[in-house]
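Visitor: Quick one: this structure, given as structure tokens, is what I'll be asking you about.
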Amino acid sequence: MQKPQRTERPVAGKGRAGLRARQRGELLMVRAIAVVAVLVLLLAIPLWMKHQRDKRAEAQAGKESAVLSRGAPVPARPAQGGASGAVPMVAAPAVATSGIGHGLTFAVVVDDATVPAEIARLGCAGEPRATDRPLKDDHPCNHQQGDTSCRVVLPVLCIQPGTATKPAGAADATYAGWTGGMLAPTQPVMGAILTSAALASARCEKELGSGWRMANVQDGLNSGGLQGMRTTNTTLGQGTRYWVQTKDQPANCWNSAGS
């Protein structure tokens with residue numbers, strides 16, 4: 001008579017250990033996939049940002065090409081200045097053309113040491129002086145016809161209007177109109193690209209944020225100067241002038257007489 005064969009039962013502990021090993025393996029696989037996805041994302045973001053910059057550069061080149069087709073040479077873009085934040089003015093070679101006028105510009109005025117560092121003051125008398133078409137020898141800018149060729153590349157002076165009280169120590173000079181707002185520049189742009197106040201203000205809003213627009217003389221209560229608070233992430237430096245607008249005179253790049 002044959003004896004029944006004995007069937008060995010699996011050890012419960014070994015089954016649980018195998019299950020845990022599989023679960024660990026699956027978890028490690030998920031983690032590895034997540035790490036790879038993060039690395040791919042980190043590589044993709046800079047490429048996407050570069051693509052966006054290239055698109056903006058192409059759009060800018062298209063605008064400058066439109067200006068060029070009217071006979072105005074496109075000057076090389078200046079690099080940002082050193083520690084002082086100054087941006088040198090760049091002018092294109094003179095050519096016989098029409099339709100390119102002059103725009104009004106201000107520059108940073110150097111105040112004494114009592115003026116708080118967070119205050120920015122700009123006006124006609126800032127350095128460097130406007131030399132293309134000054135109103136007269138003792139008046140360095142031209143509120144009536146524009147003083148700087150619109151072929152020149154300069155930052156736009158922008159303002160975020162506000163009602164801030166003038167801080168103690170701010171300049172009380174005649175040409176130091178307190179705006180109550182924030183002042184900051186855009187990246188340099190050829191004046192002829194600014195075909196309207198709305199376009200210039202759109203550039204301010206695009207680069208600096210909602211609520212920013214191109215500064216105008218009237219923001220300083222027609223004092224002939226502008227004074228406001230500096231922002232912490234931009235620099236209003238000496239060594240360059242800034243495009244500003246005046247609403248009551250044809251002294252802007254979009255409405256001044258061509259040269």
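The values are calculated or read from the model by the stated rules, or taken from the named source; none is laboratory data. Being a predicted model, the structure only gives us computed values, none of them experimental. Cβ atoms come from the backbone with ideal geometry, glycine included; neighbour counts cover every protein chain shown. Remember, those area values only see protein heavy atoms, side chains included, never the ligands or the DNA or RNA. Shrake-Rupley method; radii C 1.70, N 1.55, O 1.52, S 1.80 Å.
Visitor: Work out how much length Ala44 to Glu205 would gain on full extension: take 0.36 nm times their residue separation and subtract the Cα-Cα distance, in nm to one decimal. Walk me through the numbers before you get to the answer.
Guide: Details: separation 161, 0.36 × 161 = 57.96 nm, distance 2.73 nm.
Answer, rounded to one decimal: 55.2 nm.
Visitor: Moving on. Carbon and sulfur atoms: what percent of the 1.4 Å accessible area of the stretch 214-259 do they account for? Don't skip to the answer; put the middle values down first.
Guide: Numbers: 850 of 1820 Å².
Within the stretch 214-259, the accessible surface is 47 percent carbon and sulfur.
Visitor: Measure off 7 Å from each Cα along the Cα-to-Cβ vector at Asp248 and Gln52, then give the distance between these two points in nanometres to one decimal.
Guide: 4.2
Visitor: Report the extension gain between Ile33 and Glu118 in nm, rounded to one decimal, defined as 0.36 nm multiplied by the number of residues separating them, less their alpha carbon distance. Please report the intermediate quantities before stating the final value.
Guide: Values: separation 85, 0.36 × 85 = 30.60 nm, distance 4.93 nm.
Extra length from Ile33 to Glu118 when fully extended: 25.7 nm.
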